[in-house]
1. Quick one: what pairs do we get from segment 108-122, first residue more than 15 Å from residue 53 (Cα to Cα) and in contact (Cβ under 8 Å) with a residue 40 or more places away in the chain, second part of a helix (DSSP H, G or I) and among the hydrophobic types (A, V, I, L, M, F, W, C), C-beta under 6 Å, 6+ apart or different chains?
2. Would you please name the residue that is nearest to the chain's Cα centre (by Cα), looking only at residues in segment 1-56 that are surrounded by 13 or more Cβ atoms within 10 Å (Cβ to Cβ) and among the β-branched types (Val, Ile, Thr)?
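Read-outs throughout are calculated quantities, based only on the coordinates presented, and are distinct from any laboratory measurement. Computed from a prediction, not measured in an experiment: that's the story for all the values here. When we count neighbours, we look across all protein chains shown, and the Cβ atoms used for this are built from the backbone with ideal geometry, even at glycine.
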Amino acid sequence: MKKVLWHGGIGLLIWLVLERFSVLGRIYAGWFAGLMGACYLLVAWLNWLKTRGTDLGRLLRRKRPPRVPYYLRGADKFVRPRLGIGGNRHTFEDDLPEAAERPEDGLDRQQTLRGRAAAFAVVGVLLLILSAF
C-alpha cells in the first residue's frame, strides 16, 4: 500500500505540474500519464515474471571478466596472521547467510515480488485512467 501511495502520488504530482504550467497542458499531461502507466505495467510484468523464475534483468547485468585462478596468482598471496592483540586467535564466524534469510517485514522473496508487482500494476492502471482526463 505504501508503494502504491508513494508512486501514485509522484505520478499525480508530475501530472498536475504538467497540466498547470505547460502551454498545451492537457495534451502533455495525458501523454505523460499514459507513458508512465505503460512503464509501470511493464515493471509489474517483469516483477511477476521474476516470481515465476524468469529474470530478464539477468541478461542486462554485466558479467565478471574471467580471472586467473587463485593458485596461479603469485603476487596476491600472502600469509595473514590470525593472532589478535594479546595473542588471542580470531574466530571467524560467517553468519551472513543466516542473517540474509531473515526478512525484516516477515515476507519471503516471492511474496515481496508479488506484492511489488501488484502495487506497480495498480499504479500503472491508475495512471492510464488519469491519462484520459
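1. 119/4; 120/43; 120/44; 121/44; 122/4
2. Step by step, filter segment 1-56, then rank; the result is 43.
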